[in-house]
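A short worksheet on the structure shown next.
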Amino acid sequence: MIILFEDGSKFELKAWNKFNCKGNSYMSMLNGLEEKMRVSKPTKIRITNGSDYKSYTSIVEGDNLFYFQDILNSLDKINKRITK
């Protein structure tokens, strides 16, 4: 998966799990991606199939621009409750 941000930067993520029939794919947010998602909005996301290299690109619009930021903010609130 490649995520392109509004400032022109991009992050490439690779799935670390093996193929499964359910279509689940697991990726880790490394090398500053989490911090980037907190301060910048994604504009496009491309997903490429690792077996035949077909890809799908989506333009991120509307409320979806804040999707990652909302998730990270929710996780922050949960973590604060857990540490208390």
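Since every read-out is calculated from the coordinates, none of them should be taken as a lab result. This is a predicted model, so every value here is computed, not measured. Counting neighbours? That spans all protein chains shown, and the Cβs are built from the backbone with ideal geometry, glycine included.
List of remarks:
- Built amide H within the under 5 Å cut-off of Met29, gap 5+: none
- Couplings 3J(HN,Hα) for the stretch 51-64, derived from phi with the Karplus relation 6.51 cos²θ - 1.76 cosθ + 1.60 (θ = phi - 60°), are 9, 10, 6, 6, 10, 10, 10, 10, 7, 8, 9, x, 5, 5 Hz, where x marks Gly and Pro.
- Net length available on complete extension from Asp76 to Ser55 is 4.3 nm, with 0.36 nm assigned per residue and the Cα-Cα distance removed.
- Calculated P(r) over Cα pairs in 10 Å bins from 0, in percent (choose from (i) 20, 57, 21, 2; (ii) 18, 44, 24, 12, 2; (iii) 15, 42, 33, 9, 1), label: (iii)
- Annotation: amide H-H contacts under 5 Å for Val60 (H modelled 1.01 Å from N, sequence separation of 5 or more, or interchain): Lys44, Ile45.
- Where GluC sites (Glu not before Pro) fall in DSSP loop in the stretch 1-44, at most 13 other Cβ within 10 Å: Glu6
- Cleavage-rule hits, trypsin sites (Lys or Arg not before Pro), the stretch 1-78, DSSP coil, Cβ neighbours within 10 Å at most 13: Lys14, Lys18, Lys22, Lys54
- The modelled label-to-label distance between Glu12 and Ile47, using points 7 Å beyond Cα along the C-beta direction, is 1.9 nm.
- Calculated FRET efficiency for the pair Lys22/Tyr67, C-beta based, R₀ 30 Å, to 0.05: 0.85
- A run of the chain free of exposed loop cleavage sites, with chymotrypsin sites (Phe, Trp or Tyr not before Pro) counted only in DSSP states other than H, G, I, E and B and at most 13 other beta carbons within 10 Å, reaches its longest extent at 54-84.
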